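Below is one structure, written out as structure tokens; the observations come after it.
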Amino acid sequence: MRNWLAVAAVILGVPTAAAFAEDDHDPNSGAPLPPHRHETRSPITDHFYIRGTLYDPQVRSNFRVDRSFQGMTGTPVNGENDLGLPNRLQQGRVEFMFRLRERGKVRVDYFEADRSGNRALAKDVVFGNQTFTAGQQMLTSLDWRQFDITYSYSLFRNDRFEVATGLGIYFLQVDAIGEVPAQNQRQEVTAATPFPALPLDLTWVVSQRWAAIVRGAYLKATLGGFRGWYADSHEDLQYRWNPNFAIGLGYASIRTSLNRRSGTFPGAFALSISGPEAFVRFSF
């Protein structure tokens, strides 16, 4: 009985050994294959990540809301000085990325900045079809939404460096409300538009633990009654705590200037959001 068990073990073991041998040898020539290379986890080799960020930016805004009648301009105002909007935010934001094979990747990011202020006006303000007179206590809210999808393709890629570019689509929305409840005055304007931009992504894997990333996107356009530009930049240094978790510090900036002669938000709008950030990053 023991002899039969030994024979059976040999018979069952032969295919297994042969399979291991085939894995280690070229199937055509039979020559030994080089040992499998161990892939170090890094931003260049990650197939997916999700990043949660605490963003602490300074905000500056200038805008003008024209009357709906052609040729009637509104009053240029500074959101922080004239209307009492806060000039700093502590805001969370979320970003994630899917890598498509080795060189392609899609990054998705969402950000919002909602602010409100309350201030006695130092001058008359024409805000759309309403005129708020000096001395009135004006309540203002200014909400910014940004959702962007960026596809990039790596023009150069190795274990240490990656350079990629492609096309980004930014869906931008701004909503402004001005009101004086004591006088029953209220005006709301909103605008939303997709904005294509050209991205550039640079990644440097400094060591097994450290990596640096710099990226930006920019576009300037003039179309009919619309004129504007948009710029988005980001730099960070991250430390990989383990193969699937990293922490980091960075700096991010969003700047835009838009002018519209018609539509639901005729006038001008300029916004700058820039400041430091801290984040955690999960990947595989």
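Taken together, the values in this text are just the output of simple stated rules run on the coordinates, not laboratory data. Since the structure is predicted, the reported quantities are computational estimates derived from the model, not experimental observations. A quick note on method: Cβ atoms are made from the backbone with ideal geometry, for glycine too, and the neighbour counts reach across all protein chains shown.
Here are a few things to note about the model shown:
- 37 °C / 0.692 mPa s Stokes-Einstein diffusion coefficient of segment 236-283, Kirkwood radius on C-alpha pairs, µm²/s: 242 µm²/s
- Mean ellipticity per residue at 222 nm, deg cm²/dmol - from DSSP H runs of n ≥ 4 across the chain, formula -39500 (n - 2.57): -2500 deg cm²/dmol
- Restricting segment 101-143 to trypsin sites (Lys or Arg not before Pro) in coil, as DSSP defines it, with at most 11 other Cβ within 10 Å: R101, K123
- When the Cα positions of N78, P194, F284 are compared along the charge dipole of the chain, N78 comes out farthest toward the positive end, with charges on each C-beta of Lys, Arg, Asp and Glu.
- The mean sequence distance of close C-alpha pairs (under 8 Å, at least 6 residues apart), as a share of the length of the chain, puts its relative contact order at 18 percent.
- Cα→Cβ-extended label distance, 7 Å offset, between Q58 and N242, nm: 4.0 nm
- L219-Q183 FRET efficiency (beta carbon distance; Förster radius 41 Å; 0.05 resolution): 0.50
- Gain on full stretching of the segment that runs from K123 to R145 - 0.36 nm per residue minus C-alpha separation: 5.0 nm
- Note: relative contact order over segment 243-284, using C-alpha pairs below 8 Å and six or more positions apart, is 55 percent.
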